[in-house]
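Student: If you scroll down you'll find the structure; I have some questions about it.
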Amino acid sequence: MSEASAASIKSKEEKKREKKEAKEAKKEAKKAKRDKKKETEVGEEPAEEQNKDSAKAQTKDPAEAKAKSQWSEFAIWIGNLSYSTTKEDIADFFQSCNGTIT
């Protein structure tokens, strides 16, 4: 066997090995992504997300938190209104069906 053919065989083997390593790395990345997704589906937030949420909770304005707690969990979005429609017009409409506006 000549040196050129030996080098060619070695080169092919290296390419195979590199391809196999890349495939394994891709498989590991997929597995890590799937595991992270399972954590969030189960309700366990990743530690970095928990830290972000706790920091947001600590910096939240108390008045804003109180205002949000007073909002109803049921709300509607009213769109496609004329620019001349006022809040009083909407309040009058909902009062006719015993609705309240907050």
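Residue-wise test of (1) assigned to a loop (DSSP other than H, G, I, E, B); (2) at pLDDT below 65; (3) out of contact with any Lys or Arg (no Cβ under 9 Å at 6 or more places or on another chain).
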position: 1; (1), (2), (3): yes, yes, yes
position: 30; (1), (2), (3): no, no, yes
position: 49; (1), (2), (3): no, yes, yes
position: 75; (1), (2), (3): yes, no, yes
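Student: Here are some residues: 79, 99. Which one is surrounded by 10 or more Cβ atoms within 10 Å (Cβ to Cβ), in a loop (DSSP other than H, G, I, E, B) and modelled with pLDDT of 65 or more? Show your work before the answer.
Tutor: Details: 79 fails: surrounded by 10 or more Cβ atoms within 10 Å (Cβ to Cβ).
99 is the lone residue from the list that is surrounded by 10 or more Cβ atoms within 10 Å (Cβ to Cβ), in a loop (DSSP other than H, G, I, E, B) and modelled with pLDDT of 65 or more.
The values are calculated or read from the model by the stated rules, or taken from the named source; none is laboratory data. Since we're looking at a predicted model, the values are computed, not measured. Here the Cβ is made from the backbone with ideal geometry for all residues, glycine too, and neighbour counts use every protein chain on show.
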